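The values are calculated or read from the model by the stated rules, or taken from the named source; none is laboratory data. In this text, all values refer to a predicted model and were calculated from it rather than measured experimentally. Cβ coordinates were reconstructed from backbone atoms using ideal geometry, including for glycine residues, and neighbour counts include every protein chain displayed.
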Amino acid sequence: MKAVVYSGSSAKITIQDRPKPLILEPTDAIIKLLHTTICGTDLHILQGHVPTCTPGRILGHEGVGVIESLGPAVTTTFTIGQTVLISCITSCGTCHFCRRKMPSQCSSGGWILGNTIDGTQAEYVRIPHASFSLHALPQSIDPKVAVTLSDTIPTAYECGILNGHITPGSTVAIIGTGPIGLMILQMARNLFGPAITVVVGRGQPRLDTAKAMGADHTLSVLEGGEEAVISSALGLTIGNRGFDVVIEAVGTKESFGIAQGLVGAGGTIASLGVFGESCELHLEKLWNRNICLRTRLVDAVSTPDLLQIVESGGISPGFLVSHGFSFDQIHDAYEAFELSSKHGALKVVVTMPEPHSNGVS
Ligand SMILES: [Zn+2]
Ligand SMILES: [Zn+2]
């Protein structure tokens, strides 16, 4: 089978022929991919920032596919040929962490796909602990859009919305205009009725998208820098008192600094950026402000709820899919995602050749 492989040194992917994966444990499933996608985390791997991912690894932790085979101990009602959503988080369902609804830390799972075991940017993938790591995909959800339910949507919901403790009437600042930042904006507005939403970003096209999606105000760091953005944003709150909820969805010194500048007394910073360097926490300014700082790696425990919210129309993730490519255009897909501002890309969906087509359509 064809697979996208991390080659280590060149910060580029290679396409290789690999043997089709086999069931290794009775709890495994083999999935034939229909659609997969590329994540910011894949780019971090290519830049050498993820030491757990070693050269030779098949990349990818997001996707939708059909069940090709099931181990004898897969206890759910999955059937061969069923269309399923692959969770970015593998969960054994029984360890200390899984039983505390924290499978991101699962002792034999967590984020392993496309990291410590071969991932979803291939024709087939082996999914360990299939009972807890796959979800039946309702027919009403477009399988191409559903790839956003592997990681992007649960991350926006669990690490942003839930960790930020948004309630009706909250003042909300979102730092970051990538797919997750924009999804958080839609979820906050559709599901929680915030008093005000302010989106902080860099490039104007993405800020325009946020404005079109209903952000009350958008601010660009490129105009005046960090301090100017903080003072403009605070000016949008009553008496410059700051925000109840600040969601940091970038993962840099600058974004973390802005988050600390925007949080109001009693407020919450939900930080979900992937940080590649240490950042200062200004306790000399925050120690007496009753704030809360939360971090989280997505647990994907909300995926069943999110599938229902998408089905009912509560949120509409279709806007996230900006580009579609076939698997033989994977290099173009990586380029579009890497140079996202040039290409206007949010999520790029990569579609596998039709199953059993044998070249006949
Ligand atoms: Zn991802
Ligand atoms: Zn576990």
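It is to be established whether one or more residues within the range 44-52 are touching a strand residue (DSSP E or B) at 6+ places or on another chain (Cβ under 9 Å) and away from ligand 1 (no atom under 15 Å from the Cβ). No, the range 44-52 contains no residue that is touching a strand residue (DSSP E or B) at 6+ places or on another chain (Cβ under 9 Å) and away from ligand 1 (no atom under 15 Å from the Cβ). Residues in the range 69-97 that are closer than 15 Å to Glu25 by Cβ, among the aliphatic types (A, V, I, L, M) and either touching a strand residue (DSSP E or B) at 6+ places or on another chain (Cβ under 6 Å) or surrounded by 13 or more Cβ atoms within 10 Å (Cβ to Cβ) (or both): Leu70, Val74. Within the range 8-32, being small (Gly, Ala, Ser) and not in a loop (DSSP other than H, G, I, E, B) holds for one residue alone: Ala29. Considering only the range 115-136, I want to know if a residue exists there that is within 30 Å of Gly264 (Cβ to Cβ) and aromatic (Phe, Trp, Tyr). No, the range 115-136 has no match at all. Only one of the listed residues (Thr90, Thr79) is in the same structural domain as Ala333 (by TED's automatic domain parsing), within 29 Å of Lys12 (Cβ to Cβ) and either within 21 Å of the chain's Cα centre (by Cα) or more than 16 Å from ligand 2 (Cβ to nearest atom) (or both). That residue is Thr90. When we screen Leu236, Leu207 for residues that are in contact with a His (Cβ under 6 Å, 6 or more places away or on another chain) and surrounded by 15 or more Cβ atoms within 10 Å (Cβ to Cβ), the only hit is Leu236.
The residues on offer are Thr36, Thr41, and the sole one that is in a helix (DSSP H, G or I), polar (S, T, N, Q), within 15 Å of ligand 1 (Cβ to nearest atom) and under 30 Å from Ala336 (Cβ atoms) is Thr41. Take the conditions over 29 Å from Val321 (Cα atoms) and either modelled with pLDDT of 95 or more or not in a loop (DSSP other than H, G, I, E, B) (or both) and apply them to Cys92. Does it pass? Answer is yes for this residue.
Scanning the range 148-155 turns up no residue that is part of a strand (DSSP E or B) and either surrounded by fewer than 24 Cβ atoms within 10 Å (Cβ to Cβ) or in contact (Cβ under 8 Å) with a residue 60 or more places away in the chain (or both). Of the residues making up the range 95-124, those that are assigned to a loop (DSSP other than H, G, I, E, B), closer than 30 Å to Gln329 by Cβ and either free of Cβ contacts under 8 Å to residues at least 40 places away in the same chain or within 16 Å of ligand 1 (Cβ to nearest atom) (or both) number 9. In the set (1) under 30 Å from Ile291 (Cα atoms); (2) within 16 Å of ligand 2 (Cβ to nearest atom); (3) in contact with a strand residue (DSSP E or B) (Cβ under 7 Å, 6 or more places away or on another chain); (4) hydrophobic (A, V, I, L, M, F, W, C), Val172 fails one condition alone, (2). The helices (runs of 4 or more DSSP H) falling completely within the range 239-351 that include 3 or more residues that are under 25 Å from Ala195 (Cα atoms) map to 253-262, 303-311.
Quick check on Thr171: is it touching a Phe, Trp or Tyr at 6+ places or on another chain (Cβ under 6 Å) and either acidic (Asp, Glu) or over 30 Å from Thr75 (Cα atoms) (or both)? Here the answer is yes, as Thr171 does meet what is asked.
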